[in-house]
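Down below is the structure, laid out as structure tokens.
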Amino acid sequence: MRVSIEDAVGEVRDGMTIGIGGWGSRRKPMAMVRALLRSGRKDLTLVSYGGPDVGLLVAAGCVRRIVTGFVSLDSIPLEPHFRAARSAGAVELTEYDEGMLYWGLLAAANRLPFLPIRAGLGSDVMRVNPGLRTVRSPYADATELVAMPAITMDVAFVHLNRADADGNGRYLGPDPYFDDLFCLAAKQRFLSCERIVSTGELQEQGPPQTLLTNRSMVDGVTETPHGAHFTSCVPDYGRDEEFQREYATTGWDTFRARYLDGDETDYQKAVRR
């Protein structure tokens, strides 16, 4: 079902747990993130392989807690607004190994309470997450493993290159990331895409394995050309490194007034180079 960005973000309430697909500064649903920022929602928990999605929402005061394996801009190692917020103690952090985060999404996607994993054993992950428990294999090996809990979400937002109006979506770049698991692990799921095409055209644009989402996994689809900016959405466009540097080095009030106080149309006009 086709929806507007505002319709999708309108499903978010204060205090909800929100999943955001993509990876670092790559194929993030940034148009959705910007709309969520403008909505003024508060006390959110974000689940993300974090990038500027986390930074923008933290800087805007929307976030109470972050569940992540990292928060990076890729070519800029540490997201500046996330770093500032953590240094000031302004947001809570649940930090997992990247593989543990994946395992938590996989458990939720399969409606399991947890999945056993070796990652985390013998590391500070167990120290900084005292709520984590271990389990012992019931088989002859009797191996002790971390019981990674399912990571469930109220709403998930993901971005793909192409989709049809029913929610079948395809990525055209080199990596699916974990967008399908974000959708399967959330109660409500919204897909933004560079272009909505017919189902027939969608099927013709690549091999079957790049059809990452299907209509049973998505509650709403919205077309947002350049909607992942300033992250990459390969092969449609790469990361806007010049703009990313501006984002990382400009004071928040100035940046917000320059680019975020209007709607998405205003943003796209402002960043057009």
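Regarding L73, is this residue closer than 30 Å to A257 by Cβ, in contact (Cβ under 8 Å) with a residue 24 or more places away in the chain and out of contact with any Cys (no Cβ under 8 Å at 6 or more places or on another chain)?
Answer is yes for this residue.
Being of a type outside the set (D, E, K, R), buried (at least 22 other Cβ atoms within 10 Å of the Cβ) and outside the structural domain of I20 (by TED's automatic domain parsing), is that true of even one residue in the range 122-130?
no
Of the residues that make up the range 140-154, is at least one assigned to a helix (DSSP H, G or I) and modelled with pLDDT of 95 or more?
Among the residues of the range 140-154, not one is assigned to a helix (DSSP H, G or I) and modelled with pLDDT of 95 or more, which makes the answer no.
From the list L36, L73, exactly one residue is within 20 Å of D266 (Cβ to Cβ), in the same structural domain as D179 (by TED's automatic domain parsing), under 16 Å from the mean Cα position of the chain (by Cα) and not in a strand (DSSP E or B). Which is it?
Numbers: L73 fails: within 20 Å of D266 (Cβ to Cβ).
Exactly one of L36, L73 is within 20 Å of D266 (Cβ to Cβ), in the same structural domain as D179 (by TED's automatic domain parsing), under 16 Å from the mean Cα position of the chain (by Cα) and not in a strand (DSSP E or B), namely L36.
Residue check, R41 against (1) outside any strand (DSSP E or B); (2) in contact (Cβ under 8 Å) with a residue 40 or more places away in the chain, all met but one. Which one?
With (1) outside any strand (DSSP E or B); (2) in contact (Cβ under 8 Å) with a residue 40 or more places away in the chain applied to R41, the lone miss is (2).
Give, as residue ranges, the helices (runs of 4 or more DSSP H) completely inside the range 205-273 that count at least 2 residues that are under 25 Å from V12 (Cβ atoms) and of a type in the set (D, E).
Answer list for the range 205-273: 264-271.
Name, by its number, the condition in (1) modelled with pLDDT under 95; (2) within 19 Å of G173 (Cα to Cα) that does not hold for R272.
(2)
Output yes when any residue across the range 158-177 is farther than 22 Å from G104 by Cβ, small (G, A, S), in contact with a Leu (Cβ under 8 Å, 6 or more places away or on another chain) and not in a strand (DSSP E or B), and no when none is.
Looking through the range 158-177, at least one residue is farther than 22 Å from G104 by Cβ, small (G, A, S), in contact with a Leu (Cβ under 8 Å, 6 or more places away or on another chain) and not in a strand (DSSP E or B).
The values are calculated or read from the model by the stated rules, or taken from the named source; none is laboratory data. Model, not experiment: these values are computed from the prediction. Cβ sites come from the backbone with ideal geometry, for glycine too, and all protein chains shown count toward neighbours.
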